[in-house]
Structure formats: structure tokens, C-alpha cells
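As C-alpha cells, the structure follows; a few thoughts come after it.
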Amino acid sequence: MSGRTFAPRDTVDFIVVGSGAAGGVMARELAQAGLDVLVLEQGPRFTAADFKHDELAYWFNNELLNSPDDSPQTFRSTAQQQATRVGDFPALWYARMVGGSSNHFTANFWRFHEVDFRERSLLGTIPGTSFADWPIDYAEMEPYYTKVEWEVGVSGLAGASPFDPPRSKPYPMPPLPVKSSGVLLERGARKLGLHPFPAPMAIASVPYRGRPACAHCGFCIGFGCEMQAKSSTLYTMIPEAEATGRCEVRSESYVFRIETNERNRVTGVRYFDRDRREHFQKARAVVVCANGAESARLLLMSADARHPDGLANSSGLVGRNLMFNTYAEVHAVFEHELNEYKSVQVTRIVHDFYDSDPKRGFYGGGGLDSRIGPNPIAWSLFAPPPERSWGSGFKELLEAMPRAMVVATHGTSLPLESNRVDLDPELKDAWGLPAMRVTYKDHPDDLAMSRFLQDRAVEIMQAAGAQRVWRGPVTDAVGSPHLLGTCRMGDDPQSSVVDRHHRTHDVRNLFVCDGSSFVTSGRGQPTMTIQALAFRAGEHIARFAKQGEI
Amino acid sequence: MNKNETSRRQFLRATGGMLGATWIGTHWPALVAAAEHAHQVASGAVEQTLGILSPTQARDVEAVAAQIVPSGDTPGAREAGVVYFIDHVHAGPYAARAAEFLAGLADFQADFATRNPGVTSFADLPDGAQLAYLKGIETTPFFGTMKFLTVLGLLALPSYGGNAGKLGWKLVGFVDQHAWTPPFGHYDRDYPGFVPYPKEQRS
């Protein structure tokens, strides 16, 4: 790794907190614009050679995640309940390392559709929710979606989906080879008059910008890519940021406080290094890209006498309107082998149910995709129905695994002020800082849409000729890796935390850009939109810096 | 980490870090071969000896695991050495949970003794009686833990102590290989290619 090194006495132009999907893009955009950038990342820096095909370590021992051992969380469904400490697996989880969750994600890279940005205008209010339009529309986002596809690297087939929004360029790489699950999803869906299409994936299908093509090892979801084919910012944006000579990525640096002065300007951040020594780094401006859970927590932890409710929180909305995206599964077993453990998780998608339809009687929309879920241990533990969860019936299902597939549903989560991230009043993390408290309960429409999508998935698998089809549970979510909405974007300082350029309404030289900026949840697969927002924000923030408007 | 594993990591670190991605692209087959070889080394079996469990405890643990994934025409939890996994992880990654696991096991054995006077241990029951007994306790936390550990012991890397001879992976049809080429399964073999939708269907 190259790049530059800053001293604590240096006042850097920008500190970017977090190096994941958003932080990596932000660092590159600011550094390439000629600004000095220090990225502070709480996790370690791995290389491709450090990643392993060890399902136990990554899926069950949290080796890549924010582990509840040192970063505990508490959870409750409603504010009336006492939150209890989450056990072996975090409620809100992310990969804690340089590149963040862009390392361990599945790499589904749908663009949002035009409706995602203006559903409130199209559908009207939904009582009891904070359902709202975004301050920006799809047309404004389109160039940045294209930028993600070409500069981060996305494989796909432009024009394949009749539902795709307009695009200015095709994908830079062809779609990844279809798997048997994709063929079967396509077969069943086409029989029903639906329009399945090749999945856009942030995984190189051919050698791209110095990275090799995918080797189809199958270890995508939950794993770091050993081959550098997954377009993680660890392999794409971060090295390009460092190559400018104006960016330092300082790993194992846990930012816990943003400092402001009497003029209400950010002066820098406090962080712990790997030996838990405290440092203060000065900066002209700070961009928080710590993800939709930690960005809100950091602002809340930065409370002081001038900001008793947390920094940039005059609206009271920091941490609120937490959204996940619903997720449910339908399992199917076919006559012949699929061998779904091979290659990328998803190769075909159905978007026929993307738009909300008032005729259904509830708000919501979503997508379906074909996948296994995902590796042998997880499938064995989570896929079998209760009556086949052990004994000879269980073993029979295990032996059917090569013939099994999953259709996953991905749907909307309505924004509710009651769903939130805040600071637990008692529990502390291993650094003595307030633990994250999560309050979350799905809106009834979220679950209704999830069941609707599940019904469609059952029909598709039956139409495809499955021998056996069964449903996974649809229940209130108790956690997610999709961390959205907690510093929502808007024009009105009363009802949003950041403006349309991701500048906080309250503090002129403080910006927040990641999943927390989302106004609505979309239908799933938020990383594409997180990165498009980061490209757009990076361009505007760099312009502000050059024009002396920070 | 053994010597071969160390050299594998050094090799991959060199290719990934110093030589760069372009080199990886050009030398792809060699890299795959190296990774495959190394993976086999990394997933090699460990010795089947008991550290934490007494022989009596191990017999009961193995008997419960063998009801969760029974033997038969194909190997089950017993043949895959799940009991050794359960023993080894409680001295390794799950050391912090060892006391809790052993306490749960002790309760299980004590309950069994109370309800089955005259039978020395669960493992001594005939197969059908074992199954019936476990059906009566399948909602207990200890049984849940045993289910979890049995699946892990069947399917985790053999280096954790279970999945002996990769029997677990064979059972579920999983092959640990670092690279595959299409076709991956039966249904994608003769896929004709994606047929675009007629223009008039497009919104």
C-alpha cells in the first residue's frame, strides 16, 4: 500500500470516517480532486491472501464482523421494552475492515428505479410513518450509477429487464455465467409471464481494471474475495485513492468523537489506535461514512454542551427511521443436481413486483432472486423446516442439497421514527463507550409484502417443476446488514439530518454519506445506491472545498 | 499453522500484494493450483483424541449427534467424527462456552438417569428408545446446542476436528475446490442463452 502519511499536528483537508462502500469512494473522489484525505478505519487491513474458505470462522465466529464480544449491542422491538443484550451474532452487522461490508457482501448491484425517489408523491402519505420523497431524483443519480458500474466494476446485461430505468451506458462487463438456479428461476418465471433477467453483480466476469475474473469458487456472501474479483473498495477505490499520493488509510483507528468549537465548526476527531491509545486528529472538514448504524452512533456520542442531543441532531432524527429491507426465502428441491455451492450467489432476478400496487391493499414492492443460502453449514441450519430439523428426515434433506436452491425475496421497509439506533444507557463496549441500542419492529405492510413476494416465489418454483417446495419463516426482523435511513437526506432541517449534498444541516463542515442518507429503503441491495450517492456527494463536496464553501 | 500453510500464505501474499492483480491474471492457473493444494493442506484432518470430554461423556455426545444425523446407507455424524469436533472446539474457539456446554451435558445426563432408572447412560439405550427420548427434549437449549454443534462438526473444515475424511461434505455433495467452470449443474448445461423480451413489452 502506498500513499501519504499525515501527522497528528497536520490539519488535513478531510477526514473520512470509514473505508467501506461509501468511504472508499469518498476518499478516492476527494483525493483525485486534489484534496488531502485521511481515512480512519476501525478495522484491520487484510489482503486477498488473508481471506479463507472457512464458513465456521466467518459465518459463526464473526471473524470479519463487528463482534458482540467487544462491540455488544442491545435490542428491543419497541421503546416500551427493556432492551436486552444480543448474544452470539450482532443485530446490526457489518464487516469491520478496510473496505468494510463491500468485502463480505453478495455484490447484488441493482440500481434503484425512478419510483424509489418519489413514491410519496406517487402514492400519498402513509399514516404513522415518515414516508417521504427524496430531495433528488433518478435522473440526477443516473450518471453516478453509471460511474459505479464502470469505475467500481459491475457485470450485467443492459436492456435485459423491461423494468430497468433509463441508462446512459451499457455495463462494462457481460453478466456472469448463469447457474442452474438461474435457469430454473427463469424457466418458472417465464412460464408465468414474468420477465426474469441476468443479475447485475459487482463481480468481474472478465478481467477488469487490473483485476482477474471470478473463478466461481462460490464463497461470496459473508466472505472476502481471495481472487480480487469482487469489486470491493479494498481492491478498487482504496488503492486508487492512495495512488494519488494525497490519501492515507489509517486502519485500526476507532473514531469515537467529533469535536466542534464555539463557532460550531468541526475541528477534528478523537480516535483510539490499535493499542487503545487516544489521539486527536485535526481536520478542516469531516465526512462520516461509517455505515447506517455507526454513523448515527458516532454523532450521538459526539454530544456536548452545545449539542446535548448529539451532533447535527437539531431535528432529533439522528438514529431514527432505521430501515433494513425485508428478506424471506422459498426453498425448492429439483430432480437433478444444481450444485449451487459453485459460483456467485445470484444469476437471475425478477422485478415484475418492484412497484407498489394499491390493489394489493398494502404498500410495498420487491424483487426475487435465485440463490443458495449460501454454504453447507448455513443451509443445513437455516433451510430445513422444523419437522425435518434433525433425524432421518433431516439427513435426507442434507443429501438433497446438491439438488436444492433458494428463491430469496427482497422488499421495502417503511421508515418509522420509532425504529432507531441510539446509545444504550448502561452497556459499554470494550473501549468503555456506550453500546449501540437497536429498536426495531417491521411495519405490518413490510411483512405483508414479504409474504406476497414469497407466494410469487412458490409459484415460480412450482412452475419450474420443483419436486418439493417449502417456505422459510416471515417474522419481525431482529437485525440486518442493510443499515439505512438513520441520518436521512432532505431539504427541510426539521425533517432531515443532511441536505441534498450530504452536508449536515447543523454543522457546515460536517458531512454524512452512506446508507444512513436513504430516505426510503428501496427494494434491497442498497450498496449500489450507497456508492452512487458517494460519487455524487464526493463531487459536490470537492467543489465546495475548492470554492471556499466549507 | 503448519509449514505448508505458512508457505502458501507467503506465496499468496506475494502474488496479491507485490506482484499485483495483472500478474494474477496472467498466472491464473498457477495461482489456482497453489490455492487448491494449500486448501487441501489447510483442511486436513486432525487427530481423533479427546481433550475435554471424558469417555462416558463422549459416548453420550456421540449418541445424541448420531440421532441428529444418523448413520445408515451413508455415513452420519458418528462416522464424520462430530464428537471430536465438539471436544476440540471447546478447547479452542469455543473455550469460553466450554463450562456452559459441560453443565448442559451434566444436566442432560442427570435428567436421563432420573427418568431411566437402571439404564447406565443414554448411549446404552436401543436406537428407537434414544430417538423417543430426544423427541421429548428437542425444545431444550442443550438439544439446540447439540444440533448446532453437530451440523458444525459435520460440515466445518476438517481442521476443526470433525468432518473426518470430508464425509460431511460428501454427504451434502460439496466439493472444496477454489475454481469451477460452467456448466455448474444439470440445468445450466444446455442453456441456450438469454432471450431478450420483445420491445412492446417494455415500459
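Any read-out appearing in this document is the output of simple, stated calculations on the displayed coordinates, not a laboratory observation. What you see is a predicted model; the values in this text were computed from it and never measured. Backbone-built Cβ (ideal geometry, glycine too); neighbour counts: all protein chains shown.
Per residue of B:68-76, how many C-beta atoms from partner chains lie within 10 Å of its own C-beta, taken as a mean? Intermediate results must be reported in sequence, preceding the final value.
On the way: counts 5, 7, 5, 1, 3, 1, 3, 0, 3.
The shielding value for this peptide is 3.
Given the convex hull over the Cα atoms of segment B:35-173, what projected area results after averaging over all orientations, in nm²? Present the calculation step by step, with values, prior to reporting the outcome.
Values: hull surface 34.9 nm².
Mean orientational projected area (segment B:35-173, Cα hull): 8.7 nm².
Rounded to the nearest 500, what is the 222 nm mean residue ellipticity of the protein assembly as shown from helices alone, with -39500 (n - 2.57) per DSSP H run of 4+ residues and division by all residues?
Numbers: 19 runs with 213 residues, N = 753.
Using -39500 (n - 2.57) per qualifying helix, the result is -8500 deg cm²/dmol.
By the count of other C-beta atoms within 10 Å, a proxy for reagent exposure, B:THR139, A:THR412 are ordered fewest to most as B:THR139, A:THR412. Within the straight-line cut-off of under 25 Å between alpha carbons, the lysines reachable from A:LYS428 are A:LYS441, sequence neighbours fewer than 8 places apart in one chain being disregarded.
Assuming 0.36 nm per residue, please report the length gained on full extension of the stretch A:ASP455 to A:ALA139 beyond their Cα-Cα distance.
Details: separation 316, 0.36 × 316 = 113.76 nm, distance 3.31 nm.
Working it through step by step, the gained length comes to 110.4 nm.
Inter-chain neighbour count for A:338-350: the average number of beta-carbon atoms from partner chains within 10 Å of each residue's beta-carbon is 4.
For chain A, relative contact order (Cα pairs under 8 Å, six or more residues apart, normalised by length) works out to 23 percent.
Taking a ≥ b ≥ c as the square roots of the eigenvalues of the alpha carbon gyration tensor, segment A:125-226 is oblate, as a/c is not under 1.5 and a/b does not beat b/c. Summing charges over all other residues whose Cβ lies under 15 Å from the Cβ of B:ARG189, with Lys and Arg as +1 and Asp and Glu as -1, gives -2.
The peptide list A:3-13, A:531-541, B:182-192, A:49-59, put in order of mean Cβ contacts within 10 Å with the highest first, becomes A:531-541, A:49-59, B:182-192, A:3-13. Modelled spin labels at B:GLN48 and B:THR181, positioned 7 Å past Cα toward Cβ, are 3.8 nm from each other. In the protein assembly as shown, the DSSP beta bridges split such that about 65 percent are antiparallel, to the nearest 5. When you count the other C-beta atoms within 10 angstrom of each residue and take the mean per peptide, A:205-212, B:159-166, A:105-112, A:275-282 line up highest first as A:105-112, B:159-166, A:205-212, A:275-282.
What is the fewest-to-most order of A:ILE377, A:ILE136 by other Cβ atoms lying within 10 Å of their Cβ? Walk me through the numbers before you get to the answer.
Numbers: A:ILE377 21, A:ILE136 17.
Final ranking by Cβ density, sparse to dense: A:ILE136, A:ILE377.
Under 15 Å of direct C-alpha separation, and excluding same-chain neighbours fewer than eight residues apart, B:LYS135 reaches these aspartates and glutamates: A:GLU387, B:ASP111, B:ASP127. With N as its number of residues, chain A has a Cα radius of gyration that, divided by 2.2 N^0.38 Å, comes to 0.92.
Pairs of Cα atoms nearer than 8 Å and 6+ residues apart set the relative contact order; for segment A:131-209 it is 36 percent.
Taking every residue in A:389-402 and counting other chain Cβ atoms within 10 Å of its Cβ, the average works out to 6. Counting only whole DSSP H helices of chain A, the ones at least 18 Å long by C-alpha along their axis and with mean Kyte-Doolittle hydropathy no lower than -0.5 are A:444-463, A:527-546.
Mean sequence separation of contacting Cα pairs (under 8 Å, at least six apart), scaled by the length of segment A:352-426, corresponds to a relative contact order of 36 percent. Less than 28 Å apart at the alpha-carbon level, and either on another chain or at least 8 residues along: which lysines does that give for A:LYS147? Output for A:LYS147: A:LYS169, A:LYS179, A:LYS230, A:LYS546, B:LYS199.
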